[in-house]
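Structure, as structure tokens:
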Amino acid sequence: MSLDLDSPSTTNRDWIFPSQSFNLPRTPARRFSSSYPRTTSLQNSLSHPPSNSTPPAVPRTLRRRISHRHRIVERESSVDAVTDGKSNDFAVQSGECPSSGNKTTSVDKKFTSFFRRFTVSRQTACIIAILVTCFTCLVHKNFSLHNQVNDLQDELSKLNIRLRRCNISDSIDIIDSISEHNVSGASLKNTALILSFMMLSLPLAFIKYMGYISYIRRPSDSNTEELSLNKQLAYRVDVFLSFHPYAKPLTLLVATLLLICLGGLALFGVTDDSIADCLWLSWTYVADSGNHTNSEGIGPRLVSVSVSFGGMLIFAMMLGLVSDAISEKFDSLRKGRSEVVEQNHTLILGWSDKLGSLLNQLAIANESLGGGTVVVMAERDKEEMELDIAKMEFDFRGTSVICRSGSPLILADLKKVSVSKARAIVVLAEDGNADQSDARALRTVLSLTGVKEGLRGHLVVELGDLDNEVLVKLVGGDLVETVVAHDVIGRLMIQCARQPGLAQIWEDILGFENCEFYIKKWPQLHGMQFEEVLISFPDAIPCGIKVASSGGKIILNPDDSYVLQEGDEVLVIAEDDDSYAPAALPMVKEASLMHIVRPTRKPQKILLTGWRRDIDDMIVVQRGNLPKNLIIPKTTERILFCGWRRDMEDMILVLDAFLAHGSELWMFNEVSEKEREKKLTDGGLDISRLANIILVNREGNAVIRRHLESLPLESFDSILILADESVEDSAIQADSRSLATLLLIRDIQAKRLPYRESMVSKIHGGSSSQGSWREEMQQASDKSVIISEILDPRTKNLLSMSKISDYVLSNELVSMALAMVAEDRQINDVLEELFAEEGNEMQIRGAALYLCDSEELSFYEVLLRARQRREIVIGYRLANADKAVINPPAKTERRKWSVKDVFVVIADKE
């Protein structure tokens with residue numbers, strides 16, 4: 001096979017597979033890591049041509065184009081030279097190899113000599129001939145294929161040479177284009193690198209320039225001080241970061257973007273990548289500092305390390321910012337700074353010892369509703385408030401208590417607890433000075449009236465001094481209901497001193513655990529007289545009417561002839577607001593009554609159709625005559641005050657209205673007589689105008705036995721142990737002083753009793769055991785009543801166990817009154833009348849005023865008999881019972897009564 005070098009190249013390519021490099025796609029341009037193109041395998045083969053012929057080398061520094069004709073001529077001449085060398089080599093190789101004919105002749109000669117030497121049969125000779133022929137054909141075919149392979153290799157070499165020539169011309173064009181592109185790209189990369197360094201040094205230069213300007217503008221006069229531009233700039237940055245809530249995240253975002261841009265520009269200046277790839281690579285360095293380990297070269301490594309270091313700083317700043325935000329949020333929740341999103345909740349402003357009892361009463365009141373929400377805001381730490389509330393030993397009964405830290409004088413803190421959506425707001429008085437506490441309460445009311453959204457509920461303000469009540473009502477207007485704690489306790493003490501056992505009844509009525517006051521409208525009762533309304537509620541006791549025609553005024557104990565009009569509401573004592581309803585009216589049989597002028601009543605005809613299980617409740621209730629006169633004569637009394645209170649003049653005025661003419665009031669305390677008169681006069685009391693009582697002053701210490709022994713303790717009808725003004729700021733110290741005084745007085749009274757020795761001998765055989773001591777105290781308590789003003793609820797158990805005093809629990813009773821007024825502001829008018837000197841009051845009457853001994857009557861019959869005295873019976877206490885029963889359940893059930901029993905009534909003050 002011969003090679004035709006003059007034939008066109010396309011003819012040879014039709015049957016020869018091109019090499020792998022020939023099939024690769026050619027790109028017009030290629031990115032190199034260095035300024036010179038890399039050496040390919042094809043160029044390496046050109047740089048080491050065969051030993052017979054060396055093609056002309058192309059210089060690397062060629063920078064201009066070679067004319068197309070000149071390149072073609074050189075290419076043809078070099079191809080011809082290479083072809084001639086290959087032809088000669090091929091001829092030499094052909095001469096060295098033996099021909100096929102020579103090989104066949106030598107084989108025949110060998111076979112002839114072999115056949116001459118040995119004689120074989122004809123069949124064997126034929127087989128041998130066939131085998132020799134086959135072997136000869138195979139050998140011939142092998143040499144033919146070998147020659148063809150050599151020819152193909154020669155042809156492939158020629159084609160590779162021509163292909164190299166074509167690639168050389170393309171490489172020259174690529175070198176020219178890459179050189180031009182590298183010149184423009186190098187200038188752009190240098191510009192980017194310089195720009196990145198300038199942007200980095202610009203803040204430093206700006207700060208230095210501002211310092212230089214400030215130094216130049218510094219006045220020569222040292223007396224005048226002018227802030228430098230650096231300080232002004234720092235101040236503006238500080239204001240920006242402090243004023244705007246998102247300033248810190250925004251600053252961090254700007255710093256991150258600036259670092260990414262500077263890093264991308266720097267990477268673009270030191271690498272061959274595009275600007276987009278460099279920006280992305282810069283972001284990877286910022287996000288993950290470990291990505292810079294893949295960088296190669298000094299420039300890329302320096303830039304990548306710098307960007308990674310900045311990324312670590314950005315990450316540390318972001319981590320600190322997120323950590324501060326989370327810590328601030330948890331700290332805000334822990335300290336109670338978050339907003340309360342509630343409606344129709346009870347808001348309590350302030351903190352005092354009364355809070356525990358107040359929360360307990362509110363929880364009991366909301367039990368029928370499944371629990372409520374109470375929000376407490378005070379100037380205390382939220383965790384401390386929650387811890388103190390958790391220590392209170394009572395069940396919240398489904399009521400949730402939310403604590404928030406804040407000041408009621410700040411509108412922002414008031415909005416934080418949803419003050420405009422609360423149904424009731426209770427302002428507690430602070431422990432300490434009464435005037436300061438009332439002044440703060442006044443500022444709180446002013447702050448509450450300034451809420452722009454307005455208030456949905458009413459205000460219940462606890463005050464310490466009665467003189468400040470007018471000012472608070474003047475500021476608050478119709479929204480404010482006041483409870484003067486000191487005045488309420490003083491009046492209760494006087495009532496309980498004159499009527500032993502009344503303190504327990506007030507606890508039952510004021511608290512929500514038993515029965516309390518409720519006001520509700522009943523349209524089915526319109527047109528009925530109050531006498532009929534009294535026996536219309538099987539589970540409640542009516543005791544007043546809210547008259548709509550009088551502007552909603554509440555009338556306690558109205559006349560029997562009063563007829564309910566449309567819009568009137570009935571005031572009752574019931575267990576809960578949903579536990580009572582009017583029932584069928586029982587038939588009342590008229591009877592002759594003594595000393596009562598009653599209006600004529602029209603005859604009525606009532607038809608009962610059908611039969612009910614409770615038909616006995618609808619039977620006729622028969623009245624009877626009163627066994628005694630209607631008027632109880634007053635007797636003179638002797639009362640002792642141990643201690644000194646702020647409102648002593650008010651208590652004296654109340655006693656002067658209650659006691660009979662000629663009664664004595666002894667005052668025993670450490671205040672001198674002249675100072676007492678001055679304090680009473682400053683309080684507005686004119687001693688000369690006292691009509692019923694005579695003041696007797698004694699000076700001494702109530703906790704010193706010899707001072708108490710100088711008093712005729714066995715001759716007093718009532719003794720009131722007051723929380724002294726000097727120690728009233730400390731509840732525990734005041735209660736300790738009151739308890740010590742109580743024990744000393746009871747011991748002195750017991751030893752002065754004339755029948756002490758005989759009673760002691762009968763009990764325990766004259767032994768001085770603990771039982772005998774307590775028995776002596778109880779005997780002394782039967783002769784006189786001692787009322788102790790107790791501030792701490794924990795002292796209640798001591799007095800209740802000893803049974804030596806009819807106590808008054810100040811804080812608990814005030815808390816009950818606050819809770820009741822918070823639930824229904826109308827009840828405050830009822831309490832004010834019951835505590836006032838005029839009007840109706842709660843009294844304890846003996847059963848002898850209404851019935852005879854062992855007389856069998858129902859509660860309804862006793863109630864109607866008491867109406868002859870213009871009284872409303874709300875409960876009773878049996879002779880052998882310790883507690884009174886308010887609003888008894890079975891009012892139509894008959895039972896035998898004893899004259900030793902007592903009844904609790906609401907009656908006009910005598």
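Structure values in brief
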item	result
Subset of region 681-696 (residues that are in contact with a helix residue (DSSP H, G or I) (Cβ under 8 Å, 6 or more places away or on another chain) and either closer than 26 Å to Leu742 by Cα or of a type in the set (Gly, Ala, Ser) (or both))	Gly683, Gly684, Ala691, Ile693, Leu695
Candidate set: region 521-552, residues that are within 48 Å of the chain's Cα centre (by Cα) and assigned to a strand (DSSP E or B); chosen: the one surrounded by the fewest Cβ atoms within 10 Å (Cβ to Cβ)	Val547
Residues within region 494-520 that are touching a Ser or Thr at 6+ places or on another chain (Cβ under 7 Å) and open to solvent by less than 10 Å² (accessible area, probe 1.4 Å), tallied	1
Failed item, numbered, when Leu359 is tested on (1) under 19 Å from Ala422 (Cβ atoms); (2) of a type outside the set (Ser, Thr, Tyr); (3) open to solvent by 90 Å² or more (accessible area, probe 1.4 Å); (4) not in a loop (DSSP other than H, G, I, E, B)	(3)
Qualifying residue in region 484-493 (condition: surrounded by 23 or more Cβ atoms within 10 Å (Cβ to Cβ), outside any helix (DSSP H, G or I) and within 36 Å of the chain's Cα centre (by Cα))	yes
Flag for His146 being open to solvent by 40 Å² or more (accessible area, probe 1.4 Å), out of contact with any helix residue (DSSP H, G or I) (no Cβ under 8 Å at 6 or more places or on another chain) and modelled with pLDDT of 70 or more	yes
Flag if Asp792 is out of contact with any strand residue (DSSP E or B) (no Cβ under 7 Å at 6 or more places or on another chain), modelled with pLDDT of 75 or more and not small (Gly, Ala, Ser)	yes
Residue in region 364-379 that is among the hydroxyl-bearing types (Ser, Thr, Tyr), within 30 Å of Pro793 (Cα to Cα) and surrounded by 16 or more Cβ atoms within 10 Å (Cβ to Cβ) present	yes
Per-region count, region 390-429, residues closer than 21 Å to Ala819 by Cα, assigned to a helix (DSSP H, G or I) and modelled with pLDDT of 90 or more	4
Those residues of region 658-687 which are small (Gly, Ala, Ser) and assigned to a strand (DSSP E or B), in sequence order	Ser663
Number of positions in region 636-687 that are within 24 Å of Val727 (Cβ to Cβ), more than 51 Å from the chain's Cα centre (by Cα) and open to solvent by 70 Å² or more (accessible area, probe 1.4 Å)	5
Top-ranked residue in region 441-471 [being closer than 22 Å to Gly406 by Cα and touching a Ser or Thr at 6+ places or on another chain (Cβ under 7 Å); ranked as modelled with the highest pLDDT]	Val461
Per-region count, region 440-479, residues closer than 27 Å to Met651 by Cβ and over 31 Å from the mean Cα position of the chain (by Cα)	11
Any hit, region 688-709, residues being assigned to a loop (DSSP other than H, G, I, E, B), under 17 Å from Asp650 (Cα atoms) and open to solvent by less than 50 Å² (accessible area, probe 1.4 Å)	yes
Count - residues of region 262-284 that are part of a loop (DSSP other than H, G, I, E, B) and touching a Cys at 6+ places or on another chain (Cβ under 7 Å)	1
Residue that is nearest to Lys883 (Cα to Cα) [pool: residues in region 795-851 that are hydroxyl-bearing (Ser, Thr, Tyr) and modelled with pLDDT under 85]	Ser800
Qualifying residue in region 269-280 (condition: surrounded by 12 or more Cβ atoms within 10 Å (Cβ to Cβ) and under 30 Å from Ala819 (Cβ atoms))	no
Single residue of region 553-612 satisfying the filter (in a strand (DSSP E or B) and open to solvent by 60 Å² or more (accessible area, probe 1.4 Å)) that is modelled with the lowest pLDDT	Lys589
Residues located in region 401-411, provided they are surrounded by 13 or more Cβ atoms within 10 Å (Cβ to Cβ) and farther than 14 Å from Leu358 by Cα	Ile402, Cys403, Arg404, Ser405, Gly406, Ser407, Pro408, Leu409, Leu411
Strands (runs of 3 or more DSSP E) (entirely within region 811-910) containing at least 2 residues that are in contact with a Pro (Cβ under 9 Å, 6 or more places away or on another chain) and open to solvent by less than 30 Å² (accessible area, probe 1.4 Å)	871-877
Residue list for region 713-736, restricted to those being touching a Phe, Trp or Tyr at 6+ places or on another chain (Cβ under 9 Å) and modelled with pLDDT of 80 or more	Phe716, Ile719, Leu720, Ile721, Leu722
Residues satisfying the stated conditions in region 430-477, i.e. of a type in the set (S, T, N, Q) and either in a strand (DSSP E or B) or open to solvent by 20 Å² or more (accessible area, probe 1.4 Å) (or both)	Asn433, Gln436, Thr449, Asn468
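Results for (1) in a helix (DSSP H, G or I); (2) among the small types (Gly, Ala, Ser); (3) within 46 Å of the chain's Cα centre (by Cα); (4) modelled with pLDDT under 70, shown as yes or no for each residue.
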| site | (1), (2), (3), (4) |
| --- | --- |
| Ser187 | yes, yes, no, no |
| Thr191 | yes, no, no, no |
| Ser201 | yes, yes, no, no |
| Met210 | yes, no, no, yes |
| Asp221 | no, no, no, yes |
| Thr224 | no, no, no, yes |
| Asn230 | yes, no, yes, yes |
| Arg236 | yes, no, yes, no |
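The values are calculated or read from the model by the stated rules, or taken from the named source; none is laboratory data. As the structure is a computational prediction, the values presented were derived from the model and not from experiment. A quick note on method: Cβ atoms are made from the backbone with ideal geometry, for glycine too, and the neighbour counts reach across all protein chains shown. Ligands, DNA and RNA are excluded from the accessible area calculation, which covers all protein heavy atoms including side chains. Shrake-Rupley method; radii C 1.70, N 1.55, O 1.52, S 1.80 Å.
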